[in-house]
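A.B. asks: Have a look at this one.
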Amino acid sequence: GESVGLHLPTLSVQEGDNSIINCAYSNSASDYFIWYKQESGKGPQFIIDIRSNMDKRQGQRVTVLLNKTVKHLSLQIAATQPGDSAVYFCAENKNSGYALNFGKGTSLLVTP
Amino acid sequence: DTEVTQTPKHLVMGMTNKKSLKCEQHMGHRAMYWYKQKAKKPPELMFVYSYEKLSINESVPSRFSPECPNSSLLNLHLHALQPEDSALYLCASSAHPMYEKLFFGSGTQLSVL
């Protein structure tokens with residue numbers, strides 16, 4: 001099966017709330033992880049990345065948490081906005097770091 | 001310029017046609033990628049070029065033929081495709097081949113009739 005997956009296929013949140021999107025991975029050798037956002041009709045857009053020597057990394061309104069013990073990755077979006085509605089993919093490095101393997105994706109819907 | 005540009009945006013072709021997808025980046029990136037994405041599925045890796053040399057081929061059928069004429073350009077030549085090859089074909093680039101974030105183009109939506 002896929003080595004990267006997501007717990008929830010869809011997530012609906014109200015505007016202004018915080019969103020948490022989860023991702024599980026099975027390859028304990030993975031050491032680089034990325035979150036991408038994909039809007040309809042567009043290619044994936046980089047959000048934030050984290051390497052395995054870190055547990056947490058923050059960006060603008062986003063935070064990625066990495067728990068290597070349970071092989072779990074999460075993306076937190078603060079004060080979710082309608083423009084955040086999209087499909088979110090987590091990805092891990094594969095082929096010894098030469099490429100990325102994508103998880104199934106979570107569809108985030110922000111309601112007013 | 002921080003874009004990966006793909007042409008055409010849409011392509012319809014018959015099973016006997018030969019067509020090419022084109023990808024261009026001017027960020028000085030030394031790795032380029034082709035991914036295939038079916039509707040409501042994650043992107044799947046097809047090919048990786050590292051310093052203009054093919055470094056990874058994910059067992060892609062020979063009816064897909066990649067080409068990297070120079071460090072800025074990546075082509076995907078298509079011949080004798082099947083209807084199940086209909087998908088969004090995404091090109092991406094990264095500054096270096098390993099452990100780097102990928103920048104994606106908007107893709108070519110391909111329909112094979």
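A.B. asks: May I ask which residue of B:L45, B:Q109, B:A31 lies farthest towards the positive end of the charge dipole of chain B, with charges of +1 (Lys, Arg) and -1 (Asp, Glu) on Cβ and the Cα centre as origin?
C.D. replies: B:Q109
A.B. asks: Please give the charge dipole size of chain B, origin at the Cα centre, charges +1 on K and R Cβ atoms and -1 on D and E Cβ atoms. Round to the nearest 20 debye. Mind showing how you got there, number by number?
C.D. replies: Details: 12 positive and 10 negative charges, 55 e Å.
In total the dipole reaches around 260 debye.
A.B. asks: A further question on this structure: Would you rank A:T10, A:T106 by solvent-accessible area, highest first, keeping every protein chain in place and using a 1.4 Å probe? Can you show the working numbers first?
C.D. replies: Details: A:T10 95, A:T106 5 Å².
The most accessible residue leads, giving A:T10, A:T106.
A.B. asks: When we measure straight from the Cα of A:K56, which lysines land under 30 angstrom away, once same-chain ones fewer than 8 places off are left out?
C.D. replies: Partners within reach: A:K37, A:K42, A:K68, A:K71, A:K94, A:K104, B:K40, B:K41, B:K101.
A.B. asks: I've got another one for you. Can you give the accessible area of A:D55 in Å² (nearest 10), computed on protein heavy atoms with a 1.4 Å probe?
C.D. replies: Its heavy atoms expose roughly 100 Å² to the probe.
A.B. asks: Top to bottom by accessible area (1.4 Å), largest first, where do B:T16, B:T5 land?
C.D. replies: Working: B:T16 120, B:T5 70 Å².
Largest to smallest exposure gives the sequence B:T16, B:T5.
A.B. asks: How many Å² of accessible area per residue for the stretch B:24-113, probe 1.4 Å?
C.D. replies: Working: 3900 Å² over 90 residues.
Result: 43 Å² of accessible area for each residue.
A.B. asks: For the pairing of chain B with chain A, what total accessible surface becomes buried, with a 1.4 angstrom probe, in square angstrom to the nearest 100?
C.D. replies: Details: alone 6410 and 6310 Å², together 10940 Å².
So the total buried area for this chain pair works out to about 1800 Å².
A.B. asks: To continue, here is another question. Mean shadow of the stretch A:24-112, computed from the convex hull of its alpha carbons, in nm²? Mind dumping the intermediate values first?
C.D. replies: Numbers: hull surface 24.3 nm².
For the stretch A:24-112, averaging the hull's shadow over all directions gives 6.1 nm².
A.B. asks: Report the one residue of A:N27, A:Q38, A:F89 whose Cα lies farthest in the direction of the positive end of the charge dipole of the protein assembly as shown (charges on C-beta: Lys and Arg +1, Asp and Glu -1; origin at the Cα centre).
C.D. replies: A:N27
A.B. asks: Carbon-plus-sulfur fraction of the accessible area of chain A, 1.4 Å probe, in percent?
C.D. replies: Values: 2570 of 5440 Å².
Whole-percent figure for carbon plus sulfur exposure: 47.
A.B. asks: Quick one: check the C-alpha center-to-center distance for the stretch A:58-105 versus the stretch A:16-30, whole angstrom.
C.D. replies: 6 Å
A.B. asks: Using only protein heavy atoms and a 1.4 Å probe, report how much of B:R30 is accessible, in Å² to the nearest 10.
C.D. replies: Result for B:R30: roughly 80 Å² accessible.
A.B. asks: Quote the accessible area belonging to A:K104 in square angstrom, nearest 10, computed with a 1.4 Å probe and with ligands, DNA and RNA left uncounted.
C.D. replies: Probe radius 1.4 Å; accessible area of A:K104 about 120 Å².
A.B. asks: So, with +1 on the Cβ of K and R and -1 on the Cβ of D and E, and no other charges, what is the size of the charge dipole of the stretch B:1-49 about its Cα centre, to the nearest 20 debye?
C.D. replies: Details: 9 positive and 4 negative charges, 70 e Å.
It comes to approximately 340 debye.
A.B. asks: Let me ask something else about it. Rounding to the nearest 20 debye, state how big the charge dipole of the stretch B:46-106 is about its Cα centre with +1 on each Lys and Arg Cβ and -1 on each Asp and Glu Cβ. Intermediate values should be presented prior to the final figure.
C.D. replies: Numbers: 3 positive and 6 negative charges, 19 e Å.
Around 100 debye, computed over the stretch B:46-106.
A.B. asks: Moving on. Sequence gap at least 6, Cα distance under 8 Å: using those rules, report the relative contact order of chain B to the nearest whole percent. List each step's numbers first, then the result.
C.D. replies: Values: 290 pairs, mean separation 42.1, N = 113.
After rounding, I find 37 percent.
A.B. asks: Could you please put B:F103, B:F47 in sequence from largest to smallest accessible area, using a 1.4 Å probe? Please list the in-between numbers first.
C.D. replies: On the way: B:F103 65, B:F47 5 Å².
These residues rank, largest area first, as B:F103, B:F47.
The values are calculated or read from the model by the stated rules, or taken from the named source; none is laboratory data. From a predicted model like this one, the values you see are computed outputs, not experimental measurements. Heads up, the Cβs are rebuilt from the backbone with ideal geometry, glycines too, and the neighbour counts pull from every protein chain shown. Only protein heavy atoms, including side chains, enter the accessible area calculation; ligands, DNA and RNA are left aside. Shrake-Rupley method; radii C 1.70, N 1.55, O 1.52, S 1.80 Å.
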